[in-house]
Amino acid sequence: MRGLTRAGKRASEMAFNAGGGTINWFPGHMAAASRAIRDRLKLADLVIEVRDARIPLSSANEDLQPVLAAKRRILALNKKDLANPNIMNMWVDHFQSCKQDCISLNAHSSNSINQLLGLVELKLREAILKEPTLLVMVVGVPNVGKSALINSIHRIANSRFPVNDKIKRATVGPLPGVTQDIAGYKIASQPSIYVLDTPGVLVPSIPDMETGLKLALTGAVKDSVVGEERIAKYLLSLLNIRKTPLHWGRLLHRREEFDGEPDDSCEKGSSGSLRRRRRFNNSDALYVQDLVIEVQRTLCSTAMEFTGNLDEDNELESLIDSQLVALRKVFRISHKPLDESHGPASKKLLTLFRSGKLGPFILDDLPDQH
């Protein structure tokens, strides 16, 4: 069962989505890839299914779940550095309570990858007596970090087995009498365990607008398919319904009290601190940090100044439009007369969210525990 957030469901039903036209989420070649993956899965003794830790359910392929569940499988919730750690632990517990091996990880962390490979070896012990060579396959929907994971595994494999000859094993192809070569990286011996060097791309299951927008927000669906402005408005809908900007305001107020700076936080909506500190900071990292603070302060101030009823969709949409206008100033985007487009501001806001600069988020809600 898919966990549906009340905030996410309402945000996905906003008028800006209904008016945005029909979305063709995926081109035809993705469906062909989905059919091909079933044949490749037959090769694998174990499957690592990579999902985005921010959307542990929405980044699954529902159609293939029966096939994947029938195999030895590890759920790898990648990009854990972008997800709320407390809620992340609850998700891992949830999957394990469903008898599903699960690990949260960062594909760029050697420590994470070593933990994953340890779990792989543990899971494959029961297959050791049957096969002298075992194959592990990495699968997942687009942009969850499959290639980054395989690259990290490759580095660790090279350190374990410096002369790491790629496996070449003749396997039965989809057509009778046809064989194909497969290549992989050796991660263990006795038995030999190889991770296939090409990931399997799964087509996301998109039964509703909410799931599609979550996938678009995290980058699994190309921005051009949905439109950056529509995705940014969905993000701002979520933030405002969850009252996240007001939470940011309290954090900024505490930070300024701790730093001993005068309190010019949300009430004034000032962008002065960015200009002041930019003169002193030559570091791009510090500039981005200042930019994030200004974005948070601006979203907080516009939310606090808003006198409408956020329970009314048209009034919430009015707030979102005013926030995107205010963000133009923060992002130094010149406003052209008669230009009502929020594209440039939307693009910059999405970049900050996707890189984790606005904070860690999990967009899916845990399913009801019955």
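The values are calculated or read from the model by the stated rules, or taken from the named source; none is laboratory data. On a predicted model such as this, the values are computed, not experimentally measured, just so you know. Heads up, the Cβs are rebuilt from the backbone with ideal geometry, glycines too, and the neighbour counts pull from every protein chain shown. The accessibility values were calculated without ligands, DNA or RNA, using every heavy atom of the protein model including side chains. Shrake-Rupley method; radii C 1.70, N 1.55, O 1.52, S 1.80 Å.
Shown is the FRET efficiency for Ser110 and Ser147, computed with R0 = 22 Å from the Cβ-Cβ distance and rounded to the nearest 0.05: 0.85.
Taking Lys and Arg as +1 and Asp and Glu as -1, the other residues whose beta-carbon sits under 9 Å from that of Gly356 total +2. Taking amide hydrogens as placed 1.01 Å from N in the peptide plane, the amide H of Ile362 sits under 5 Å from those of Asn84, each at least 5 positions away in sequence or on another chain. If R0 is taken as 30 Å, the Cβ-Cβ distance between Val325 and Arg250 corresponds to a FRET efficiency of 0.80. The figure for His108 is an accessible area of roughly 140 square angstrom, using a 1.4 Å probe on the protein chains alone.
Ranking Ser189, Ser224, Ser346 from most to least accessible surface, computed with a 1.4 Å probe over the protein chains only, gives Ser224, Ser189, Ser346. In this structure Cys98 has an accessible area near 80 Å², from a 1.4 Å probe over the protein heavy atoms. In this structure, Cys98 and Arg125 have a Cβ-Cβ separation that, at R0 = 25 Å, corresponds to a calculated FRET efficiency of about 0.70. Net charge of the neighbourhood of Leu82, taken over other residues with C-beta under 12 Å away and scored Lys/Arg +1, Asp/Glu -1, is +3.
For the range 109-148, the gyration tensor built on C-alpha atoms gives an oblate shape. Its axis ratio a/c (a ≥ b ≥ c) is at least 1.5, and a/b is not larger than b/c.
For Lys9, the lysines whose Cα falls under 16 Å of its own Cα, not counting residues fewer than eight places away in the same chain, are Lys214, Lys233, Lys243.
The candidates Tyr287, Tyr185, arranged from most to least accessible area with a 1.4 Å probe in the full protein assembly, appear as Tyr287, Tyr185.
Packing, taken as the mean count of other beta carbons within 10 Å per residue, orders the peptides 349-355, 54-60 from highest to lowest as 54-60, 349-355.
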